[in-house]
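The values are calculated or read from the model by the stated rules, or taken from the named source; none is laboratory data. These numbers were taken from a predicted model, which means no experiment stands behind them. No Cβ is skipped: glycine too gets one built from the backbone with ideal geometry, and neighbour counts run over all protein chains shown. When the accessible area is computed, the model is the full protein with side chains, heavy atoms only, and any ligands, DNA or RNA have been set aside. Shrake-Rupley method; radii C 1.70, N 1.55, O 1.52, S 1.80 Å.
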Amino acid sequence: MLRLPAFAFAAPDTVEGVLAALAERPGRARLLAGGTDLLPNLKHGIEEADVVVSLRQVAELRAITATPDGGLSLGATATLEEVSRHPLVRQRFPSLAQAAGLVAGPHHRRMGTLGGNVCLNTRCVYINQTYFWRSSLGFCLKKDGELCHVVKGGKRCVAAASNDTAPPLMTLGARLELRSARGTRELELADFFVKDGVNNKVLAPDELLTRVLLPAPPGGQRASYVKLRPRGSIDFPRLGVAVAFRIGGAEGASALAGEAVVSEMRVVVTAMAATPQALRDVGEIAEGKVPGDQLWDEVAASAYRQCHPLTNIDGDPVYRREMVPVLVKRALRGAVG
């Protein structure tokens, strides 16, 4: 039986109370939103805590509201089920609703939160095991050890980002609001992640993610998210692909032909590296071109060249790489559809 270790428990009902609890035990406090990631990690000894601070009583962290500019403000503890079903999310940002609705299973989505998924700990087949299992290998770079079992001789942990909601949020231009006793700051979601599997976020130990902010979707925006996993539920992604682009009026020859063209394309993949990976060059490849299979093939080929899966998560890395162009084309076609 895997038992939780002993820890103190706090359940403040204000953001200020949460921040005070974090400041009181620097680096030794852990936030509990839905608990679907934290509690198993505490049982396995992957994370440690002197105090666990519950966010469930803080009502202001759960609201989903429209912003004056036509965007959305999503509270960090809005559940994944709420995000996937909210009419404003589905209307304005359907790819985010898709991704939230594909996380794990129904009971996980009723407990798990948007902020928790954005801040999801990195995963690896050599870390997400029991303490006894990990100790038999001499542990690893992510926790308690000095060896990487994925990259022989590797000096940097390559545990993978496996959060479903981060890729669509990145393609949609999301910003995060972070608060601490020192003040409030905002940053682009893309700047929130760092390429380190041990800790892939810039979130300070005394900081709390309070809101995810989405700007108003531009005219003609299309977006989609697709996921590769062994089963149709429960499993983390072996690959996740989010796309977003605009379809609008053309210039030059395409305008004379009355054709709409693609602009501002963004493609982000997850479960490939320690951070969600924004693919290079796809915007330049797609800019001003007519949407269709020829363009989708070009974008998919670029994605294939840039994605190199490792053995850090379950699933054959060769198969996962071959599925990259397949999922990219599915996402592009789904976005248009």
*Residues GLY71, GLY75, GLY45: which one is buried (at least 17 other Cβ atoms within 10 Å of the Cβ), over 20 Å from HIS108 (Cα atoms) and within 21 Å of the chain's Cα centre (by Cα)?*
GLY71
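Any idea how many residues of region 271-287 are in contact with a helix residue (DSSP H, G or I) (Cβ under 7 Å, 6 or more places away or on another chain) and open to solvent by less than 40 Å² (accessible area, probe 1.4 Å)?
Number of matching residues: 5.
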*Out of all the residues in region 193-216, is one or more of a type in the set (Gly, Ala, Ser), open to solvent by 10 Å² or more (accessible area, probe 1.4 Å) and at pLDDT below 95?*
no
*Tell me which residues, restricted to region 10-39, are within 22 Å of TYR131 (Cβ to Cβ) and loosely packed, with under 15 Cβ neighbours inside 10 Å.*
GLY27, ARG28
*Select from region 125-167 the residues that are more than 26 Å from the chain's Cα centre (by Cα) and acidic (Asp, Glu) and list them in ascending order.*
GLU146
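Filter region 220-236 down to the residues that are assigned to a loop (DSSP other than H, G, I, E, B), open to solvent by less than 50 Å² (accessible area, probe 1.4 Å) and over 20 Å from ASP37 (Cβ atoms) and list them by number.
Within region 220-236, just GLY220 meets the criteria.
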_Regarding region 148-161, can at least one residue be identified that is without any contact (Cβ under 8 Å) to a residue 24 or more places away in the chain, surrounded by fewer than 22 Cβ atoms within 10 Å (Cβ to Cβ), in contact with a helix residue (DSSP H, G or I) (Cβ under 8 Å, 6 or more places away or on another chain) and farther than 17 Å from LEU38 by Cα?_
no
_Just to be sure before I move on: is SER84 in contact with a Pro (Cβ under 9 Å, 6 or more places away or on another chain), crowded, with 17+ Cβ neighbours inside 10 Å and part of a helix (DSSP H, G or I) in the structure I sent?_
no
